[in-house]
Amino acid sequence: MNASNKLLEVKEVRKVFGEGQNETMALKGVTFNVLPGEFLGIMGASGSGKTTLLNVIATMLKPTSGQILLDGQNISSFKGSQLAAYRGDQIGYLFQQFELIDNLTAKENIMLPLAIHGINLKEQEQALRQLSKLFDIEELLNKFPSQLSGGQKQRVAAARALISNPSIVLADEPTGALDTKNAKILMEKLSEHNQQQESTILMVTHDANAASYCSRILFIQDGVIFHELRRNVPGESQEAFYERIVMVMAQLAGGSSNVL
Amino acid sequence: MFFDFVKRNSRKTRKENGVYFASLIVSIVAFYVILSLGEQDVMLYLKTIESDAVERLLLLIPVLYAVSLVFVFFLVYFANRYQLQQRSHEFGLYLMMGMKQSKLFLMIMGETIWNGIVAVCIGLPISLFLTELINLTTSRFVGMGIIGHAFRISWTGISLTICGFFLVQLLAMFILSFTMSRKEPIELLHEEKEKSQSTMTPKWGAVSLLSGAALLIGMILLCIAYGMAILYLRNFDYRVFALILLVGVCGTFILFRGLGSVIGVYVKRKGSSSTGLSMFTARQLQENVLHQWSSLAISTLLILMAMVCFAFGTSTALMNSAVANRTVDYTFHANNEDDIKPLIQSEELAPYVDSYYRMALHNFNPSEDEPLLNYHFAWTGLIETVSSQDDSEPKEILLNNLSMQDTPYFISLSSYNAMLEAAEKKPIQLAGNEVAMYTSDDTGASYDILKDILKKSPTVEIAENEYTLMPTLYSDQIVADRAITLMYSLIVPDALFEQYFDADETWLWNMTLKDEFIEEKGLMQAMLEVDQMLNSTGLQYESYLASMGRQLFYTVAGSYTTFYLGVMFLIIANTVLGLNFLMQQRSTRSRYQTLAMLGANVESICTSARKQIWLYFILAISVAFVSGIFGIWSLLTAMPATVFSFKNGIVIGLVVLLFIVMEIGYIRMIQRKSDVEIRKLKEID
């Protein structure tokens with residue numbers, strides 16, 4: 001992978017909430033890149049600014065300053081229909097609370113981003129079959145969300161995030177509402193997709209277990225990137241990487257003076 | 001502090017539920033308008049000439065008022081039930097923060113009262129303005145302006161409006177908030193959760209089969225009701241009526257019960273080929289129908305009732321607006337000329353009188369005094385000519401009518417000519433063996449066919465002679481009293497008339513007023529003046545004005561009350577539909593956010609919601625419309641006095657059009673509200 005071939009470039013992004021005395025700077029100039037096929041994790045304590053960062057990248061929030069380039073396009077300056085064309089097509093989303101539309105069946109939910117972007121659904125049946133096989137939801141396609149367990153719902157949501165073959169999948173605490181077993185299944189499936197299809201995933205989490213599936217992790221604290229961990233591939237096992245993550249987290253909790 | 005809190009909360013409620021609040025105001029206006037009917041100029045005037053009928057109508061108004069209170073109660077109850085459910089999370093928080101349950105109850109009631117006060121403050125001035133407007137319009141329309149118009153406020157109307165309005169609101173809210181405030185905080189905190197698709201659970205096949213059956217049964221029941229309404233309703237048997245009502249109502253409910261899953265089947269079939277948000281739109285509609293089938297059915301029935309009310313009101317207004325030319329101003333009931341002559345020639349009255357004459361008419365019945373005369377009468381020749389016509393409904397009616405009129409009234413030619421002369425019309429010239437046909441029913445179904453047939457010079461038999469009928473059909477008003485009508489009578493030469501009846505037996509005397517006097521004073525004022533003079537004499541008389549007044553009364557009373565009910569039904573139906581939709585939209589707003597995140601732009605989301613509103617309303621309206629066609633059809637055939645003429649058809653069509661425009665207006669209003677709600681979702685832009 002070559003460094004010039006950046007998929008996502010986040011340049012000096014700042015985000016200020018409130019005005020005057022109430023002004024809070026949630027992001028204080030964050031810069032990093034995401035390469036194609038990367039599985040990037042962003043970790044940090046509550047209030048560190050990680051969700052703000054994800055929301056800014058997801059176009060849910062506009063940065064106060066700075067640029068976000070996806071495939072060389074500055075998506076932070078997009079408006080209205082330009083934005084709509086990017087969402088769900090170029091960017092896939094995975095939410096903590098699944099956000100499935102509960103009066104649509106699993107299949108209808110998965111196909112929704114395609115329908116919205118006016119893509120012929122019949123031609124995409126193949127993609128649907130592959131994804132439902134990968135996420136083990138073939139039997140659930142005609143069920144409604146209320147008939148699914150949390151783990152099943154999140155796997156359906158993951159299939160929905162990937163169906164349009166987006167440039168990047170943004171995942172906000174995808175395992176946050178799941179038990180350990182289901183969280184493990186989901187992460188394995190996502191990781192499998194990442195490795196086989198070379199999909200790019202950007203995941204915000206504070207779960208070290210989930211983070212250990214990533215290839216690189218950025219630690220964020222008080223609105224700045226504070227540390228970076230890279231999984232040594234090949235060679236480093238997931239367990240070993242997990243140990244390293246936990247160590248950084250422990251140091252983070254103890255204050256910056258203990259780190260490095 | 002607590003009061004401020006209540007005020008703030010109620011302002012929020014008003015803002016968020018503008019549609020409901022507007023309906024409250026409209027119902028206040030409607031209440032006042034019906035309650036102040038007795039104070040209207042027209043009614044005050046009618047009271048002086050038709051006091052009994054007006055009193056009876058005014059007795060009916062409390063009943064109408066009570067009925068509409070019941071309807072408004074349901075409106076308030078359902079609208080607030082959704083509203084409180086929406087806010088249950090908020091109430092749960094209040095309880096968690098230490099608010100006492102009694103205080104929560106007080107708070108909800110306080111908000112209701114405050115909102116009620118605001119609604120009354122806005123609604124009452126509007127109602128006063130509107131009643132004034134109606135007052136002026138009707139006065140002008142019927143030419144009553146001369147009688148005098150004064151601005152009146154019906155204080156009983158105002159107090160009853162306020163009392164009823166608050167009673168209904170407080171009762172509904174009492175029931176709702178009482179159950180609400182007794183709940184545990186945890187129940188309240190979690191009540192807001194979106195409803196799951198319980199009706200589409202595992203037994204999918206069985207459910208859709210049942211729903212399909214329900215749909216089918218609903219349709220069959222409705223068809224039975226329609227058929228029965230057309231075939232049997234005209235007999236006015238209350239048992240048949242009750243049965244039709246039962247079958248129809250059940251049919252409507254069952255139809256909507258089954259509709260939801262059928263939409264689901266449609267979505268499933270179309271699912272793979274749909275693009276954009278059409279699948280989402282259909283699923284949303286399906287969910288609405290599944291959860292709100294009973295309110296959809298109720299709204300449908302209300303819209304149907306509104307349609308029938310409008311149709312009835314229109315035809316009542318139409319039927320009586322056919323005012324014939326004025327031919328006679330006064331008709332006295334007096335046994336001989338000496339009773340009225342001194343009066344008419346008196347100094348007081350004489351300057352106003354144009355002419356007076358006897359109206360000699362008599363039933364052609366065998367009299368005991370003259371047993372030797374031949375009283376044979378037959379329509380033979382006429383019936384033969386009618387029978388030779390092509391088969392048609394008017395022909396059947398005419399034959400039927402003729403067969404029942406075997407002893408018609410005879411009108412003496414000189415009387416009729418005197419009337420024609422007074423009205424400045426050409427008198428009739430009868431040849432020796434000629435008689436002329438007269439009918440006062442010039443709007444009936446058989447009028448036109450009879451007119452045509454007379455041109456063929458048919459004959460009738462009187463005693464041993466055969467007489468030819470004149471080619472003209474006469475139908476001028478022969479007396480002032482419009483209640484006196486003659487189905488078919490004959491204008492006969494005086495010689496023939498006097499052969500059977502003594503002209504002095506006549507008890508009807510007509511009088512007409514001078515045209516210049518009427519032109520100077522206006523018809524109403526002139527007649528009122530003469531009325532005053534006549535009243536002091538104790539003579540029995542009937543005036544054109546009183547007769548007009550009676551007609552006017554039926555028109556005003558009939559159309560006013562039915563239109564009132566129609567409007568009430570329509571408001572309630574639309575509000576129920578609109579509120580249901582908006583409430584559902586709000587409770588599922590996270591779906592709209594998700595759509596935006598998946599790349600749907602605001603426009604397409606708004607379009608989807610607008611489509612949902614269209615379809616939702618059209619579902620209810622179209623079922624009501626189909627039922628309405630049959631309802632109005634059977635109404636028009638069941639009412640013996642109503643004739644479905646082409647003109648009536650056009651006017652009814654116009655009313656239907658107006659109704660459609662009103663519905664579209666309402667739909668647009670809900671759509672705008674929905675757009676605002678969607679744009680409010682902050683993640684979208």
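The values are calculated or read from the model by the stated rules, or taken from the named source; none is laboratory data. A quick note: this is a predicted structure, and the numbers were derived from the prediction, not measured. Heads up, the Cβs are rebuilt from the backbone with ideal geometry, glycines too, and the neighbour counts pull from every protein chain shown. Surface areas here come from the heavy atoms of the whole protein model, side chains and all, with no ligands, DNA or RNA. Shrake-Rupley method; radii C 1.70, N 1.55, O 1.52, S 1.80 Å.
I want the antiparallel fraction of DSSP beta bridges within the protein assembly as shown, as a percent rounded to 5.
On the way: 45 of 71 bridges.
In the protein assembly as shown, DSSP labels about 65 percent of beta bridges as antiparallel.
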Q | For the protein assembly as shown, size of Cβ-based charge dipole, Lys and Arg +1, Asp and Glu -1, in debye | A | 7240 debye
**Q.** Selection from B:L84, A:Q126, A:A250, by position along the positive dipole direction of the protein assembly as shown (Cβ)
**A.** A:A250
Q) Got the relative contact order for region B:1-193 handy, in percent, Cα pairs under 8 Å and 6 or more residues apart? A) 43 percent
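Quick check for you: with a 1.4 Å probe and neighbouring chains kept, what is the accessible area per residue of the protein assembly as shown, in Å²? Don't skip to the end; give the middle numbers.
Details: 42940 Å² over 945 residues.
Roughly 45 Å² per residue, with all protein chains present.
Which of A:K62/B:K12; A:K153/B:K12; A:K62/B:K673; A:K62/A:K143 have a Cα-Cα distance over 32 Å?
Working: A:K62/B:K12 29 Å; A:K153/B:K12 36 Å; A:K62/B:K673 27 Å; A:K62/A:K143 36 Å.
Among A:K62/B:K12; A:K153/B:K12; A:K62/B:K673; A:K62/A:K143, the Cα-Cα distance tops 32 Å for A:K153/B:K12; A:K62/A:K143.
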Q.
Placing +1 on the Cβ of each Lys and Arg and -1 on the Cβ of each Asp and Glu in the protein assembly as shown, which of A:F95, B:A436, A:L27 has its Cα farthest towards the positive end of the resulting dipole?
A. A:L27
Q | DSSP bridge pairs, chain A: antiparallel proportion in percent, nearest 5 | A | 55 percent
Q. For the pair B:D494 and B:N363, what calculated FRET efficiency results from E = 1/(1 + (r/R0)^6), where r is the Cβ-Cβ distance and R0 = 22 Å, to the nearest 0.05?
A. 0.80
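Summarise the partner chain shielding of A:97-109 as one whole number: the mean count of Cβ atoms from other chains within 10 Å of each residue's Cβ. Don't skip to the answer; put the middle values down first.
Working: counts 1, 1, 7, 2, 11, 10, 18, 10, 8, 0, 3, 9, 3.
Mean partner shielding for this stretch: 6.
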Q. With all protein chains present, how much of the accessible area of the protein assembly as shown (probe radius 1.4 Å) comes from carbon and sulfur, to the nearest whole percent?
A. 58 percent
Q | Residue among A:S164, A:S149, A:S48 with the largest mean-square fluctuation in a Gaussian network model of chain A, springs linking Cα atoms under 10 Å | A | A:S149
Q) Points 7 angstrom from Cα along the Cβ direction at A:E236 and B:D476: gap in nanometres? A) 11.5 nm
Q.
Just to be sure I understand: with springs between alpha-carbon atoms less than 10 Å apart, which residue in A:K153, A:K15, A:K181 has the highest mean-square fluctuation in the Gaussian network model of chain A?
A. A:K181
Q) Going by a ≥ b ≥ c, the root eigenvalues of the Cα gyration tensor, does region B:1-193 fall in the rounded group (a/c under 1.5), the prolate group (a/b larger than b/c) or the oblate group? A) prolate
Q. Which residues, if any, in region B:580-602 have at least 50 Å² less accessible area in the whole protein complex than in the isolated chain, probe 1.4 Å?
A. B:R591, B:T594, B:M597, B:L598, B:G599
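Tally Lys/Arg at +1 and Asp/Glu at -1 over every other residue whose Cβ is under 12 Å from the Cβ of A:V204; what's the total?
Details: positive: A:K50; negative: A:D172, A:E173, A:D207.
Net charge in that neighbourhood comes out at -2.
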(Q) Amide H of A:V224 versus every other amide H placed in the peptide plane: which residues, excluding those fewer than 5 positions away on the same chain, fall under 5 Å? (A) A:K28
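Run the dipole for region B:1-193 about the Cα centre, Lys and Arg Cβ at +1, Asp and Glu Cβ at -1, nothing else charged, and hand back the magnitude in debye, nearest 20.
Details: 17 positive and 14 negative charges, 120 e Å.
For this selection, approximately 580 debye.
What number, rounded to the nearest 500 deg cm²/dmol, is the helix-based mean residue ellipticity at 222 nm of chain B, given -39500 (n - 2.57) per DSSP H run of at least four residues and division by all its residues? It would help to have the intermediate numbers written out before the result.
Working: 24 runs with 465 residues, N = 685.
Helix contribution divided over all residues of chain B: -23500 deg cm²/dmol.
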Q. Hey, if you put +1 on the Cβ of every Lys and Arg and -1 on every Asp and Glu Cβ in the protein assembly as shown, which of B:S414, B:M109, B:V656 ends up farthest toward the positive end of that dipole?
A. B:M109
Q.
Below 18 Å, Cα to Cα, which aspartates and glutamates can A:K189 reach? Residues fewer than 8 away in the same chain don't count.
A. A:E38, A:D136, A:E138, A:E139, A:D172, A:E173, A:D179, A:E198, A:D207, A:E239
Q: Taking the Cα centre of chain B as origin, sum charge times position over the Cβ atoms of Lys and Arg (+1) and Asp and Glu (-1), and report the length of that vector in debye to the nearest 20.
A: 7040 debye
Q. Among A:N55, A:N33, A:N232, which one shows the biggest mean-square fluctuation in a GNM of chain A, springs joining Cα atoms closer than 10 Å?
A. A:N232
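Using the Cβ atoms and a cut-off under 13 Å, what net charge is assigned to the surroundings of B:I491, where Lys and Arg are +1 and Asp and Glu are -1? List each step's numbers first, then the result.
On the way: positive: none; negative: B:E434, B:D476, B:D494.
Residues close to B:I491 contribute a combined charge of -3.
Summing -39500 (n - 2.57) over the DSSP H runs of n ≥ 4 in chain A and dividing by its residue number, what mean residue ellipticity at 222 nm do you reach, to the nearest 500 deg cm²/dmol?
Numbers: 8 runs with 87 residues, N = 260.
Helices in chain A give a 222 nm mean residue ellipticity of -10000 deg cm²/dmol.
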**Q.** Lysine pair count for region B:330-543 [Cα-Cα under 23 Å; pairs on different chains or 8 or more apart]
**A.** 11
Q. Where Lys and Arg each count +1 and Asp and Glu each count -1, what net charge lies around A:A161 among other residues with Cβ under 12 Å from its Cβ?
A. +1
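What number, in percent, do you get for the relative contact order of chain B if the mean sequence gap of Cα pairs under 8 Å and at least 6 apart is divided by its residue count? All intermediate terms of the calculation are to be shown ahead of the outcome.
Numbers: 870 pairs, mean separation 135.5, N = 685.
With pairs under 8 Å counted, the relative contact order is 20 percent.
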(Q) Taking 8 Å as the Cα distance limit and 6 or more residues as the minimum spacing, I'd like the relative contact order of chain A as a percentage. (A) 25 percent
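A plus B alone minus the pair: what accessible area, both sides summed, probe 1.4 Å, in Å² to 100?
Numbers: alone 12740 and 32850 Å², together 42940 Å².
So the total buried area for this chain pair works out to about 2700 Å².
Mean Kyte-Doolittle of at least 0.5 and a Cα length of 15 Å or more along the axis: which whole DSSP H helices of chain B meet both?
Numbers: long enough: B:2-16 (21 Å, -1.64); B:18-35 (26 Å, 2.36); B:51-86 (52 Å, 1.10); B:101-141 (57 Å, 1.07); B:155-181 (37 Å, 1.71); B:204-232 (41 Å, 1.98); B:238-270 (47 Å, 1.30); B:278-291 (20 Å, -0.35); B:293-321 (42 Å, 1.46); B:393-404 (17 Å, -0.21); B:523-535 (17 Å, 0.43); B:544-587 (63 Å, 0.73); B:602-638 (52 Å, 1.30); B:646-680 (51 Å, 0.78).
Helices meeting the span and hydropathy rule in chain B are B:18-35, B:51-86, B:101-141, B:155-181, B:204-232, B:238-270, B:293-321, B:544-587, B:602-638, B:646-680.
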